[in-house]
Amino acid sequence: MSEQKRGMHGIWTGRWTFILAATGSAVGLGNLWKFPYITGENGGGAFVLVYLACILLAGIPVMLAEAMMGRKKRMSPINAMKELTTEAGSPSFFRSIGWMGALSGFFILSFYSVIAGWALVYVGKLASGAMAGITADASGAAFGAMLADPAGLTIWHTVFMFLTGVVIARGVNKGLESALNILMPILFVLMLILFGYSLTTPGFMQGFHFLFDFDFSKLTTESIVVALGHSFFTLSLGMGAIMAYGAYMPAKQSLGKTIMWVGFLDTLVALVAGMIIFAIVFSNGLEPSSGPGLMFVSLPIAFGTMPGGIFFGTVFFILVSIAALSSAISIAEPAVAWAVEKGFTRVKATMVICSVAWLIGLGTVLSFNEWAEYKLFGKTFFDSLDFVTSNVMLPLGGLLIAIFVGWFMSSDMIKNELKMKNDTLFAVWRFVLRFISPVAIALIFINGLGLL
Ligand code: PHE
């Protein structure tokens, strides 16, 4: 691979930018929207426990491996994997980590943009005051009406994809860095305000118990597969996003510490979002297992009654949209970086990739209305895409990464890049990556295949 490709996309300028960018990638619809609703669908506590175990035993070790590989090569995951497999003398089969990742990116971006479009719709709904004092029933009906309108959904899907494209096209430093510096802190503050509010609701403790009481009788094979898949989805793993961002990370920064921070912040946001949403769900007699609408139905009820709710509600959904945006760009980055290395301009690469993802996204739009009855193995187009990416492609990518870094890259190759001072910590990480993560992923995976 020619040397001019290395580092051609730019380097994060600030000391903290990688943390911010990787957290921006990790924290998104996965935490605010998906985590609460799949927790609701999978019975609560026991699911959360399995999810936390997956984050610790598979997610964080794989994340460190991905960031390390990216920084070592400083190019798109597809080209990085080409060089790494040659250097490690591993079967070229492991190159599929790069290709499959880019493909997963298309699929994920396609539905991610549709759901982010919902958040945009809700910015308008809250700002207009239409949700003031809304009842639980009316909130459910408003959500249903939005889903029933494919034209509306398509418009907002288009708007979101366009915004994503604009940020990506502007590049790593000018597009992303500046936006993230301001927006991420605001998101945290707003979540704290909402958390404070949720503490005052009568359903808080019930929600808390729902999330943290471990009732293993509710655990099914499917929920274990979903927990594993979600731990990859929420940490942006198994498809090259973190590898791509690692490629822009300054050489001196400690990878280990940084990754721990990202993993911690991402988990914190998910758990806080869960506590907020379930407090409102139980206070208003909503169904925790009501699916993708959970956040969109429950939060407006809270905003509708709290003082200053219109303001906070509007800002909140703006931030959900921004959290989604900072994730969406990272979903597209592996494919975009690769196309740029192939000789496309960044703008052209962005246009092509976003257009393809946009087109696939129409399938998701329709799966909530016109195509709602068309099901493959009992799943709509959106459900299938979500299932195959999160529960098959990402864990498979993670499995290959764990095996590749654990078994094929030499200690020297890795140590040079990690610069981890603590040898014990290195040994523990390598052990987990060699034995625990792959075995856990493989076991869950094999069991889960029966669900396809
Ligand atoms: N981690 C993001 C979220 O939780 C989604 C994502 C998946 C981003 C895969 C990048 C890669 O919303």
Report task. Out of 102, 132, 119, report the one residue that is outside any helix (DSSP H, G or I) and either away from the ligand (no atom under 13 Å from the Cβ) or at pLDDT 95 or above (or both). Result -> 132
Query raised in the report: Hey, does region 355-375 have a residue that's farther than 17 Å from residue 291 by Cα, in a strand (DSSP E or B) and touching a helix residue (DSSP H, G or I) at 6+ places or on another chain (Cβ under 7 Å)?
Result: no
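For region 120-134, check the following and say yes or no: at least one residue is buried (at least 17 other Cβ atoms within 10 Å of the Cβ), within 22 Å of residue 384 (Cα to Cα) and of a type in the set (Phe, Trp, Tyr). Talk me through it step by step, then tell me what you get.
Our first condition is that a residue be buried (at least 17 other Cβ atoms within 10 Å of the Cβ); within region 120-134, this holds for 120-123, 125-126, 131, 134.
Now restrict to residues that are within 22 Å of residue 384 (Cα to Cα): none.
Taking every residue of region 120-134 in turn, none turns out to be buried (at least 17 other Cβ atoms within 10 Å of the Cβ), within 22 Å of residue 384 (Cα to Cα) and of a type in the set (Phe, Trp, Tyr).
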Requested in this report: Take region 16-59 and flag every residue that is within 21 Å of residue 319 (Cβ to Cβ) and more than 16 Å from the ligand (Cβ to nearest atom).
Outcome: 16, 17
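Tell me which residues, restricted to region 248-292, are among the charged types (D, E, K, R), part of a helix (DSSP H, G or I) and out of contact with any Leu (no Cβ under 7 Å at 6 or more places or on another chain).
Narrowing region 248-292 to residues among the charged types (D, E, K, R): 252, 257, 266, 287.
Among the residues that remain, those that are also part of a helix (DSSP H, G or I) are: 257, 266.
Listed by number, the list holds a single entry, 257.
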Report summary line: Per the filter on region 243-260, residues of a type in the set (Val, Ile, Thr) and either within 12 Å of the ligand (Cβ to nearest atom) or surrounded by fewer than 24 Cβ atoms within 10 Å (Cβ to Cβ) (or both) are 258
Query raised in the report: Does region 408-415 contain any residue that is surrounded by 14 or more Cβ atoms within 10 Å (Cβ to Cβ), at pLDDT 95 or above and under 24 Å from residue 50 (Cα atoms)?
Result: no
Requested in this report: For residue 263, indicate whether it is surrounded by 18 or more Cβ atoms within 10 Å (Cβ to Cβ), within 20 Å of residue 108 (Cβ to Cβ), within 13 Å of the chain's Cα centre (by Cα) and within 16 Å of the ligand (Cβ to nearest atom).
Outcome: yes
Query raised in the report: Failed condition for residue 301, given (1) surrounded by fewer than 20 Cβ atoms within 10 Å (Cβ to Cβ); (2) more than 19 Å from residue 46 (Cα to Cα), with all others met?
Result: (1)
Query raised in the report: Of all residues in region 328-369, which are basic (Lys, Arg) and either within 15 Å of the ligand (Cβ to nearest atom) or in contact (Cβ under 8 Å) with a residue 60 or more places away in the chain (or both)?
Result: 346
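If you check 294, 325, which single one turns out to be within 16 Å of the ligand (Cβ to nearest atom), buried (at least 21 other Cβ atoms within 10 Å of the Cβ) and under 29 Å from residue 170 (Cα atoms)? Give the derivation first.
On the way: 294 fails: under 29 Å from residue 170 (Cα atoms).
Only one candidate passes the filter, namely 325.
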**Report entry** Lone qualifier among 240, 196 - being within 16 Å of the ligand (Cβ to nearest atom) and either in contact (Cβ under 8 Å) with a residue 12 or more places away in the chain or not aromatic (Phe, Trp, Tyr) (or both)
**Finding:** 240
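For residues in region 210-242 being buried (at least 19 other Cβ atoms within 10 Å of the Cβ) and over 28 Å from residue 20 (Cα atoms), which is modelled with the highest pLDDT? Give the derivation first.
Residues of region 210-242 buried (at least 19 other Cβ atoms within 10 Å of the Cβ): 210-211, 223-242.
Imposing the further condition that a residue be over 28 Å from residue 20 (Cα atoms) reduces the set to 210, 223-225.
Details: 210: 96, 223: 92, 224: 92, 225: 92.
Going through the qualifying residues, I end up with 210.
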Report summary line: Over region 73-94, the set of residues in a helix (DSSP H, G or I) and closer than 23 Å to residue 349 by Cβ is 73, 77, 78, 79, 80, 81, 82, 83, 84
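The values are calculated or read from the model by the stated rules, or taken from the named source; none is laboratory data. All values reported here derive from a predicted model rather than from experimental measurement. Positions of Cβ are generated from backbone atoms using ideal geometry, with glycine treated the same way; all protein chains shown enter the neighbour counts.
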